[in-house]
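Presented below is the structure to which this report refers.
The values are calculated or read from the model by the stated rules, or taken from the named source; none is laboratory data. Source: prediction; values computed, not measured. Don't worry about glycine lacking a Cβ; one is built from the backbone with ideal geometry, like all the others, and counts go over all protein chains shown.
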Amino acid sequence: MSANDLFTPIRLGDLDLPHRIVMAPLTRMRADQDGVPGSLNAEYYSQRASAALIITEATAISVQGRGIPHMPEIHTPNQIKGWRSVVGAVHSKGGRIVLQIVHNGRASHRSYMPEGMGPVGPSAIAISGKGYMPDFTFADYEAPRELTTGEIGDIVRDFRRAALNGMDAGFDGIELHAANGYLLNQFLEDGSNRRTDAYGGSFENRARLLMEVIEAVKGAVGAGRLGVRLSPFGSAGGMSDSNPTELYKSVITDLNQHSLAYLHLIEARASGMARTDVMRGDALNNAKLFGHLFQGPVISAGGYTPESANHAILSGDADAIAFGRFFIANPDLVRRIRSHAPLNQYDRSTFYGGSGRGYTDYPTLA
Ligand SMILES: Cc1cc2nc3c(=O)[nH]c(=O)nc-3n(C[C@H](O)[C@H](O)[C@H](O)COP(=O)(O)O)c2cc1C
């Protein structure tokens, strides 16, 4: 029986954390229209520097990888410079921050891209439903264009370049977003991947792109500074798989060959939390089901309260817990949990886009 709790220090790869309360990656759509983070973003992140680790919002690796209005990106000098000021603000308050990098794949629209480009994916299968347009209105998703193997190689290089840019900006590490229905996740699951080449079919083939990206990014930043986020049984982004238990057992076991800093698992009960507060009642416990297959530290996220988070650490199901919505509303979440203080309620209407309202103006304890 482990004697650790939320306030026991822990090491994730090369990262020493003073406790185990992590800030989950949270898209807030407040970068400028060129994907450059600014002083408002620096203020927001630095207000939350007492987190054991901050994981940034999903950040696009390329123009093709975009798909959310005012999402930050990391492929131009200005974007790197903007992120450097965010990282500097967090470090000056003693915090640690890793960059979550993403290619949106089919979860995008041609209106985010220059003339002649459009969304791409493993197969030409559209997400059913509507997604954000660059002007914050909604429109039907379109079927992505199926990627050629040559283009897949370009995407691996884009991930590596983005990771190098992140290290150039001073980040403490990189998290690969392979969850919630974005490109790496789209390749993993057979609801979105019907390929018949080396990137489709068997579990191993569907995980090939993820493993190639890990290999490339690891070579650039070191395995001790690289984490991977997965969302088994997740439904966000129209995801589905015919055999998710065996798929994710296989993928997570294969991750062991890379000696990653951590594995970050989202609980399926919280799938879609970006859009709703309703938890899925029938969901299996991913940390319990898959965590023990991974030989390194596991961060678990999704629907935790301070009490259930502490219990997950005490019982050994997870090594650290990431909080999303509570970190939006409580810049001093760590202090509040430590002192059993009440938590501010989050305002869903200000999650996405806008100004400092609902972003940098949540009160801290006196
Ligand atoms: C506003 C909002 C934005 C989110 N953006 C991201 C994101 O950029 N990347 C990601 O991996 N997950 C994202 N998520 C999912 C969260 O990281 C987290 O898994 C989810 O909110 C469940 O945790 P919670 O119950 O503590 O909020 C987002 C969730 C919310 C509410």
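Quick check: anything in region 61-70 buried (at least 20 other Cβ atoms within 10 Å of the Cβ) and under 14 Å from E175 (Cβ atoms)?
Yes, region 61-70 contains a residue that is buried (at least 20 other Cβ atoms within 10 Å of the Cβ) and under 14 Å from E175 (Cβ atoms).
Checking I74 against (1) more than 26 Å from D154 (Cα to Cα); (2) crowded, with 19+ Cβ neighbours inside 10 Å; (3) aliphatic (A, V, I, L, M), which single condition isn't satisfied?
Here I74 clears every test but (1).
For A178, state whether it is more than 23 Å from G272 (Cβ to Cβ) and either touching a residue at least 24 places away in the same chain (Cβ under 8 Å) or in contact with a strand residue (DSSP E or B) (Cβ under 7 Å, 6 or more places away or on another chain) (or both). Lay out the reasoning, then the answer.
Numbers: more than 23 Å from G272 (Cβ to Cβ): no; either touching a residue at least 24 places away in the same chain (Cβ under 8 Å) or in contact with a strand residue (DSSP E or B) (Cβ under 7 Å, 6 or more places away or on another chain) (or both): yes.
It is false that A178 is more than 23 Å from G272 (Cβ to Cβ) and either touching a residue at least 24 places away in the same chain (Cβ under 8 Å) or in contact with a strand residue (DSSP E or B) (Cβ under 7 Å, 6 or more places away or on another chain) (or both).
Among the residues of region 215-226, write down those that are touching a Gly at 6+ places or on another chain (Cβ under 7 Å) and either within 16 Å of the ligand (Cβ to nearest atom) or among the acidic types (D, E) (or both).
L226
State yes or no: is A42 within 14 Å of the ligand (Cβ to nearest atom) and either surrounded by fewer than 21 Cβ atoms within 10 Å (Cβ to Cβ) or modelled with pLDDT of 95 or more (or both)? Full working, then the answer.
Numbers: within 14 Å of the ligand (Cβ to nearest atom): no; either surrounded by fewer than 21 Cβ atoms within 10 Å (Cβ to Cβ) or modelled with pLDDT of 95 or more (or both): yes.
No.
Only one residue in G94, G118 is of a type outside the set (K, R) and either more than 30 Å from D332 (Cβ to Cβ) or in a helix (DSSP H, G or I) (or both). Which one? Break it down into steps so the answer makes sense when it comes.
Values: G94 fails: either more than 30 Å from D332 (Cβ to Cβ) or in a helix (DSSP H, G or I) (or both).
Testing whether each residue is of a type outside the set (K, R) and either more than 30 Å from D332 (Cβ to Cβ) or in a helix (DSSP H, G or I) (or both) leaves just G118.
Here is a check on your reading of the model: is L176 closer than 20 Å to A143 by Cβ, crowded, with 17+ Cβ neighbours inside 10 Å and not charged (D, E, K, R)? Walk me through how you get there before you give the answer.
Numbers: closer than 20 Å to A143 by Cβ: no; crowded, with 17+ Cβ neighbours inside 10 Å: yes; not charged (D, E, K, R): yes.
No; evaluated as a whole, the condition is false for this residue.
Out of I313, I299, report the one residue that is more than 14 Å from the ligand (Cβ to nearest atom) and not in a loop (DSSP other than H, G, I, E, B). Write out each step before concluding.
Values: I299 fails: more than 14 Å from the ligand (Cβ to nearest atom).
Going through I313, I299 in turn, the sole match is I313.
Please verify whether Y352 is within 16 Å of Q47 (Cβ to Cβ) and among the hydroxyl-bearing types (S, T, Y), treating the condition exactly as stated. Quick ask: steps written out before the conclusion?
Numbers: within 16 Å of Q47 (Cβ to Cβ): no; among the hydroxyl-bearing types (S, T, Y): yes.
Spelling it out, it is not the case that Y352 is within 16 Å of Q47 (Cβ to Cβ) and among the hydroxyl-bearing types (S, T, Y).
For T245, state whether it is surrounded by fewer than 21 Cβ atoms within 10 Å (Cβ to Cβ) and more than 16 Å from the ligand (Cβ to nearest atom). It would help to see each step written out before you state the result.
Values: surrounded by fewer than 21 Cβ atoms within 10 Å (Cβ to Cβ): yes; more than 16 Å from the ligand (Cβ to nearest atom): yes.
Spelling it out, T245 is indeed surrounded by fewer than 21 Cβ atoms within 10 Å (Cβ to Cβ) and more than 16 Å from the ligand (Cβ to nearest atom).
Which ones in region 11-29 are part of a loop (DSSP other than H, G, I, E, B) and within 11 Å of the ligand (Cβ to nearest atom)?
Here is the first cut: in region 11-29, the residues part of a loop (DSSP other than H, G, I, E, B) are 13-14, 18-20, 24-29.
Passing the criteria: A24, P25, L26, T27, R28, M29.
Applying the selection to region 54-82, what residues are within 13 Å of the ligand (Cβ to nearest atom), among the hydrophobic types (A, V, I, L, M, F, W, C) and out of contact with any Ser or Thr (no Cβ under 9 Å at 6 or more places or on another chain)?
If the condition is that a residue be within 13 Å of the ligand (Cβ to nearest atom), among the hydrophobic types (A, V, I, L, M, F, W, C) and out of contact with any Ser or Thr (no Cβ under 9 Å at 6 or more places or on another chain), then I54, I55, A60 are the ones that fit.
Just a yes or no: is a residue in region 161-172 in contact with a strand residue (DSSP E or B) (Cβ under 9 Å, 6 or more places away or on another chain), part of a strand (DSSP E or B) and closer than 18 Å to V102 by Cβ?
Filtering region 161-172 for residues in contact with a strand residue (DSSP E or B) (Cβ under 9 Å, 6 or more places away or on another chain) gives 162-163, 165-167, 169-172.
Next, from what is left, pick out any that are part of a strand (DSSP E or B): none.
Within region 161-172, not a single residue is in contact with a strand residue (DSSP E or B) (Cβ under 9 Å, 6 or more places away or on another chain), part of a strand (DSSP E or B) and closer than 18 Å to V102 by Cβ.
Restricting attention to region 274-294, does a residue exist that is of a type in the set (A, V, I, L, M, F, W, C), closer than 19 Å to F233 by Cα and without any contact (Cβ under 8 Å) to a residue 12 or more places away in the chain?
At the first step, the residues of region 274-294 found to be of a type in the set (A, V, I, L, M, F, W, C) are 274, 278-279, 283-284, 287, 289-290, 293-294.
Imposing the further condition that a residue be closer than 19 Å to F233 by Cα reduces the set to 274, 278-279, 283-284, 287, 289-290, 293-294.
Next, from what is left, pick out any that are without any contact (Cβ under 8 Å) to a residue 12 or more places away in the chain: 278.
Yes, region 274-294 contains a residue that is of a type in the set (A, V, I, L, M, F, W, C), closer than 19 Å to F233 by Cα and without any contact (Cβ under 8 Å) to a residue 12 or more places away in the chain.
Those residues that are within 11 Å of the ligand (Cβ to nearest atom), in contact (Cβ under 8 Å) with a residue 60 or more places away in the chain and buried (at least 19 other Cβ atoms within 10 Å of the Cβ), I need them from region 326-350; list them, please.
Across region 326-350, the qualifying residues are F327, I328, L333.
Tell me, please, whether a residue that is closer than 16 Å to E189 by Cβ, within 16 Å of the ligand (Cβ to nearest atom) and in contact (Cβ under 8 Å) with a residue 24 or more places away in the chain can be found in region 107-116.
Initial filter on region 107-116 (closer than 16 Å to E189 by Cβ): 107.
From what's left, within 16 Å of the ligand (Cβ to nearest atom): 107.
From the residues that got through so far, the ones that are in contact (Cβ under 8 Å) with a residue 24 or more places away in the chain too are 107.
Yes: one or more hits.
If you go through region 164-175, how many residues are out of contact with any Gly (no Cβ under 8 Å at 6 or more places or on another chain), in contact (Cβ under 8 Å) with a residue 60 or more places away in the chain and more than 16 Å from the ligand (Cβ to nearest atom)?
Counting residues in region 164-175 that are out of contact with any Gly (no Cβ under 8 Å at 6 or more places or on another chain), in contact (Cβ under 8 Å) with a residue 60 or more places away in the chain and more than 16 Å from the ligand (Cβ to nearest atom) gives 4.
If you go through region 253-279 one residue at a time, how many are within 12 Å of the ligand (Cβ to nearest atom) and either of a type in the set (D, E, K, R) or at pLDDT below 95 (or both)?
The first filter runs over region 253-279 and keeps only residues within 12 Å of the ligand (Cβ to nearest atom), leaving 264-279.
In the following step, the residues that additionally are either of a type in the set (D, E, K, R) or at pLDDT below 95 (or both) were identified as 267-279.
Number satisfying all stated conditions: 13.
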